[in-house]
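Enquirer: One structure coming up, written as structure tokens, with questions to follow.
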Amino acid sequence: MSATPKSPVHVRSAQKERRHALEWIPSGARTARRRIPRRLLYCSPCLVALLFFLNICPARGQEDLIKQAAHELISRILPEHADRFRVEVIPGRETNDVFEIESRQDKIVLRGNNGVAIATGLNWYLKYYCQCHYSLKSRQLKLPDPLPAVPEKVRRVSQVRWRYFLNYCCFGYSLPWYDWAQWERLIDWMALNGVNAPLSVTGQEAVWRAVAGRFNLDEKDLREFLPGPPYLPFGWMGCLDGWGGPLPRTWVDDHIKLERQILARERALGMTPVLQAFTGHVPQAVQKRFPEVRLHKVHWAEWDTCMLDPLDPLFHRFATAFLEEQKRLYGTDHMYAADTFIEMNPPSGETNFLAATARAIYRGMADADSGARWVLQGWPFYYKRAFWTQPRIEAFLNAVPDDRMLVLDLYCDGTPVWDKTRGFFGKPWAWCAIQNFGDSVFLGGNLRRIHADLAAARRDPLGANMAGLGFANEGLDYNPIVFDFLLEQAWRGEPVDLDQWVRQYSRRAHGAADASSAAAWAILKDTVFDCPRQGPTAITLAPSPGLAAGPSYRQERLVEAWKLLLDAATNCASSDAYQHDLLAVTRQVLGNFSAELHREAIEAWKSKDRHRLQNAAGQFHELMTDLDELLGAREEYLLGRWLADATKWGSNAAEKQRLEWNARRVITLWGGQLGLRDYSRREWSGMLSDFYGQRWSRFFAALDGALSQGVAFDETSFVRALHHWESLWADRRDAFPAAAKGDTLAISRRLWEKYNQSLGRKP
């Protein structure tokens, strides 16, 4: 504890701690709390024994709540079939979650030790008995009638304790505008896929508002600290202050309500939400309020922020105040995320300083919550690997008790860290995939690597402390198969036959055992889903004569998969998931083709052939127009939907305009300079016809103008002028369709007839 005298704040905090002692009870046991004598709750041994009893022997009220949550989920997913399922609760004696499935008379019985386990059992039944598919982007829920019987009881125990989901960045790139209806669908999907440790940092602005009040920071200080909605998670990670703000006046209170709805549903299903902890990042106004405070400047991209010195007494006061206010607002489940140096070099490389920082962060959690566990993203150890030497990593991690930390190895589908740090020096860790950076649109994933490397990690002695797996995705992505595959492995002890698994996936996603569908997916498995991180198409790259765009696989193979999917339409066209896949493959093939058109235009420019250049530029523009129409056929590819979701949070014209600026800016320039430009690129309808289309038209016109005047193309001046235009684009308020229009299959067939003879060769 701090040696400083207790202030009135500390006294009030102690009183709050006593008043909120009940919040330490696990969510599933809360129904019984009114029957517990209050004096027992202040006796630690009694409380521990009571909670242990409640965890392994669910009370009747707790079982009823689990059943209710599971029944409600089934009714949301399968409203016409919910009465065909019976839910039962398995006593929670397992270390890990467990589900069972069996038939009883005319019912399908789903059992589990909590709502997540029961929902996972439901999804397993839908996938492997009903040949159905349910994902974030598509679904195929054509259930057989009657429901298939389960010949022999299925029982599966999760191989890892934690199944983690979401990256901070996802709250900026996919989730910033989500309302409760959208969150409800996402939570249902998480439960169906066994996720039990979701990052849950919606509504952190309210915590900071309360903390600011305790430290005499005023409204202006807070406005300068809190960024706009898509930039909030970068504030929580200490990357920036204020960019995109101020927030709408009702935003904070609206998101208190939303976060409480999110947490209530996650807890009812048996999830353990991962909340925020104090990282040391504070408003710069702290220096004015506390002139003697020791602050460090931390730089990220184009922003400087302030970090409290871990040895300054104010660090601990902020840390405990943060947890106390968060507990008051949202309760706690004892798991906290805190990432102080996510992509920034710490102020000092001294191992003593790094250890002191880790101790200060953990102490801030533990002094406010004796059951606290720190969930740490291991991303800095990869991203800043030149700084994070083995001694520095070891000093940082060893400052926290082993059983009080879970390290997320974020990029195991690319470059894992666990095998380079001796298994994170004994800390429990989770094998994670990022899969998507910036919620960019692409077709692909690393299925084969996930399949092989996860199995290898489980066999490796350094994998002995693997306590979880999951996704730390920066966006919700457009490739459902990757999420389906990895999260399912949490319930499998041995590797699957990947070829067979993909065939089964095509059957359940497309709703029929179709030979063309299966053949198309076999090609996809060996091309787009068997390569490193997929690069962008030429369409979404900043215009330049020297682009390096194009796939790492053979384009003609993907063209073949497109044709096979069109052939599968006879049996599969009614499946929404088939329509999703057909659009995704069509989009990727034609997106790849844009690189060929770009090369043709540049060759024409270099040879000073204006007619050829104008022809290639015209074809490029026509391709983008065609792709824009294709993407407009599905809601997940609409710029108008993104903008409508953003502006709905504004209560007046000025707020709506600021929200739209945020929504436009984050997917284009991102910041004020060019460093993060196009990071969160979106191959969406509206973006192709307007933003990307305008950029390329200006580029080709500039090349042609240089030729007509007989002068060299001034790329520096062009980039400067284009940057100015992009900045103005974010200020615009022109409308785009927010509802899908058109028939995916019909559009794809027309585009096949138009382009198939040109694909794979220069026009």
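Enquirer: Restricting attention to segment 304-312, does a residue exist that is closer than 15 Å to Trp236 by Cα and either of a type in the set (Gly, Ala, Ser) or open to solvent by 10 Å² or more (accessible area, probe 1.4 Å) (or both)?
Expert: We begin by selecting, within segment 304-312, every residue closer than 15 Å to Trp236 by Cα; these are 304-308.
Restricting the remaining residues to those that are either of a type in the set (Gly, Ala, Ser) or open to solvent by 10 Å² or more (accessible area, probe 1.4 Å) (or both) gives 304.
Taking every residue of segment 304-312 in turn, at least one turns out to be closer than 15 Å to Trp236 by Cα and either of a type in the set (Gly, Ala, Ser) or open to solvent by 10 Å² or more (accessible area, probe 1.4 Å) (or both).
Enquirer: Right, here's the next one. For segment 487-504, enumerate the residues that are assigned to a loop (DSSP other than H, G, I, E, B) and open to solvent by less than 30 Å² (accessible area, probe 1.4 Å). Break it down stepwise before answering.
Expert: Initial filter on segment 487-504 (assigned to a loop (DSSP other than H, G, I, E, B)): 492-497.
Passing the criteria: only Val496.
Enquirer: Let me ask you something else. Restricting attention to segment 219-245, report how many residues are assigned to a loop (DSSP other than H, G, I, E, B), surrounded by fewer than 23 Cβ atoms within 10 Å (Cβ to Cβ) and free of Cβ contacts under 8 Å to residues at least 24 places away in the same chain.
Expert: Residues in segment 219-245 being assigned to a loop (DSSP other than H, G, I, E, B), surrounded by fewer than 23 Cβ atoms within 10 Å (Cβ to Cβ) and free of Cβ contacts under 8 Å to residues at least 24 places away in the same chain: 2 in total.
Enquirer: In segment 529-546, how many residues are polar (S, T, N, Q) and either more than 18 Å from Leu669 (Cα to Cα) or surrounded by fewer than 21 Cβ atoms within 10 Å (Cβ to Cβ) (or both)? Before the answer, list the steps.
Expert: Applying the first criterion (polar (S, T, N, Q)) to segment 529-546 yields 534, 537, 540, 544.
Still in the running and either more than 18 Å from Leu669 (Cα to Cα) or surrounded by fewer than 21 Cβ atoms within 10 Å (Cβ to Cβ) (or both): 534, 544.
Selection size over segment 529-546: 2.
Enquirer: Here's a follow-up. Being aliphatic (A, V, I, L, M) and free of Cβ contacts under 8 Å to residues at least 60 places away in the same chain is the filter; apply it to segment 566-601 and report the residue that is surrounded by the most Cβ atoms within 10 Å (Cβ to Cβ). Before you say what the answer is, go through the steps one by one.
Expert: Here is the first cut: in segment 566-601, the residues aliphatic (A, V, I, L, M) are 566, 568-569, 573, 577, 582-585, 589-590, 595, 597, 601.
With the extra rule that they be free of Cβ contacts under 8 Å to residues at least 60 places away in the same chain, the set shrinks to 568, 595.
Numbers: Ala568: 25, Ala595: 20.
Looking at the filtered set, the residue picked out is Ala568.
Enquirer: Which residues, taken from segment 547-559, are surrounded by fewer than 18 Cβ atoms within 10 Å (Cβ to Cβ), farther than 24 Å from Tyr679 by Cα and not charged (D, E, K, R)?
Expert: Correct list: empty.
Enquirer: Specify the residue that is farthest from Ile256 (Cα to Cα); the eligible residues are those in segment 272-327 that are of a type in the set (S, T, N, Q) and part of a strand (DSSP E or B). Lay out the reasoning, then the answer.
Expert: At the first step, the residues of segment 272-327 found to be of a type in the set (S, T, N, Q) are 272, 276, 279, 284, 287, 305, 320, 326.
Going one step further and asking which of them are part of a strand (DSSP E or B), we end up with 276, 305.
Values: Gln276: 14, Thr305: 26 Å.
Applying the filter and picking the extreme gives Thr305.
Enquirer: Identify the single condition in (1) touching a residue at least 12 places away in the same chain (Cβ under 8 Å); (2) open to solvent by 10 Å² or more (accessible area, probe 1.4 Å) that Phe691 does not satisfy, given that it satisfies every other one.
Expert: (2)
Enquirer: I've got another one for you. Residues to consider are Arg373, Arg363, Arg392; find the one that is farther than 25 Å from Ile434 by Cα and modelled with pLDDT of 95 or more.
Expert: On the way: Arg373 fails: farther than 25 Å from Ile434 by Cα; Arg392 fails: farther than 25 Å from Ile434 by Cα.
Matching residue, one of Arg373, Arg363, Arg392: Arg363.
Enquirer: Just to be sure I understand, how many residues within segment 145-158 are open to solvent by 60 Å² or more (accessible area, probe 1.4 Å), in a loop (DSSP other than H, G, I, E, B) and touching a strand residue (DSSP E or B) at 6+ places or on another chain (Cβ under 9 Å)? Talk me through it step by step, then tell me what you get.
Expert: As a first pass, look at segment 145-158 and keep what is open to solvent by 60 Å² or more (accessible area, probe 1.4 Å): 145-146, 149, 151-153, 155-156.
Retained after the next criterion (residues that are in a loop (DSSP other than H, G, I, E, B)): 145-146, 149, 151-153.
Keeping just the survivors that are touching a strand residue (DSSP E or B) at 6+ places or on another chain (Cβ under 9 Å) gives 149, 151-153.
So the answer is 4.
Enquirer: Quick one: which of Gly618, Gly672, Gly650, Gly705 is closer than 30 Å to Thr250 by Cα and surrounded by fewer than 18 Cβ atoms within 10 Å (Cβ to Cβ)?
Expert: Values: Gly618 fails: closer than 30 Å to Thr250 by Cα; Gly650 fails: surrounded by fewer than 18 Cβ atoms within 10 Å (Cβ to Cβ); Gly705 fails: closer than 30 Å to Thr250 by Cα.
The match here is Gly672.
Enquirer: Which pairs have Cβ atoms under 8 Å, sit 6 or more apart or on different chains, and link a residue in segment 369-394 that is in contact (Cβ under 8 Å) with a residue 40 or more places away in the chain to one that is among the small types (Gly, Ala, Ser) and open to solvent by 10 Å² or more (accessible area, probe 1.4 Å)?
Expert: Hits for this filter: Ala372/Ala366; Phe387/Gly349; Arg392/Gly349.
Enquirer: Looking only at segment 471-490, which residues are within 15 Å of Val160 (Cβ to Cβ) and touching a helix residue (DSSP H, G or I) at 6+ places or on another chain (Cβ under 7 Å)?
Expert: Phe471, Leu486, Gln489
Enquirer: In addition: Can you pull out the residues in segment 159-185 that are under 24 Å from Leu486 (Cα atoms), of a type in the set (A, V, I, L, M, F, W, C) and surrounded by 20 or more Cβ atoms within 10 Å (Cβ to Cβ)? Steps first, answer last, please.
Expert: From segment 159-185, those under 24 Å from Leu486 (Cα atoms) are 159-175, 182-185; that's our starting set.
Cutting the leftovers down to of a type in the set (A, V, I, L, M, F, W, C) gives us 160, 162, 165-166, 169-171, 175, 183.
Across segment 159-185, the qualifying residues are Val160, Trp162, Phe165, Leu166, Cys169, Cys170, Phe171, Leu175.
Enquirer: Filter segment 275-305 down to the residues that are among the β-branched types (Val, Ile, Thr) and under 32 Å from the mean Cα position of the chain (by Cα), then identify the one that is nearest to Asp333 (Cα to Cα).
Expert: Thr279
Enquirer: On to the next question. Check Tyr173, Tyr134 and return the single one that is under 20 Å from the mean Cα position of the chain (by Cα) and under 25 Å from Tyr336 (Cβ atoms).
Expert: Details: Tyr134 fails: under 25 Å from Tyr336 (Cβ atoms).
Result of the check over Tyr173, Tyr134: Tyr173.
Enquirer: Would you confirm whether any residue within segment 129-139 is open to solvent by less than 10 Å² (accessible area, probe 1.4 Å), in contact (Cβ under 8 Å) with a residue 24 or more places away in the chain and outside any loop (DSSP other than H, G, I, E, B)?
Expert: yes
Enquirer: It is to be established whether one or more residues within segment 270-278 are at pLDDT 95 or above, surrounded by 21 or more Cβ atoms within 10 Å (Cβ to Cβ) and more than 22 Å from Cys169 (Cα to Cα).
Expert: There is at least one residue in segment 270-278 that is at pLDDT 95 or above, surrounded by 21 or more Cβ atoms within 10 Å (Cβ to Cβ) and more than 22 Å from Cys169 (Cα to Cα).
Enquirer: Quick check on segment 505-518. Is at least one of its residues part of a helix (DSSP H, G or I) and among the basic types (Lys, Arg)? Walk me through it before giving the result.
Expert: Pass one, segment 505-518, residues part of a helix (DSSP H, G or I): 505-510, 515-518.
Adding the requirement that they be among the basic types (Lys, Arg) leaves 507-508.
Scanning segment 505-518 turns up at least one residue that is part of a helix (DSSP H, G or I) and among the basic types (Lys, Arg).
The values are calculated or read from the model by the stated rules, or taken from the named source; none is laboratory data. The structure presented is a predicted model; accordingly, all values stated were derived computationally and were not measured. As a convention, Cβ positions derive from the backbone with ideal geometry for all residues, glycine included, and neighbour counts pool all protein chains shown. Each accessible area value is taken on the protein alone, full model and side chains, heavy atoms only, with ligands, DNA and RNA left out. Shrake-Rupley method; radii C 1.70, N 1.55, O 1.52, S 1.80 Å.
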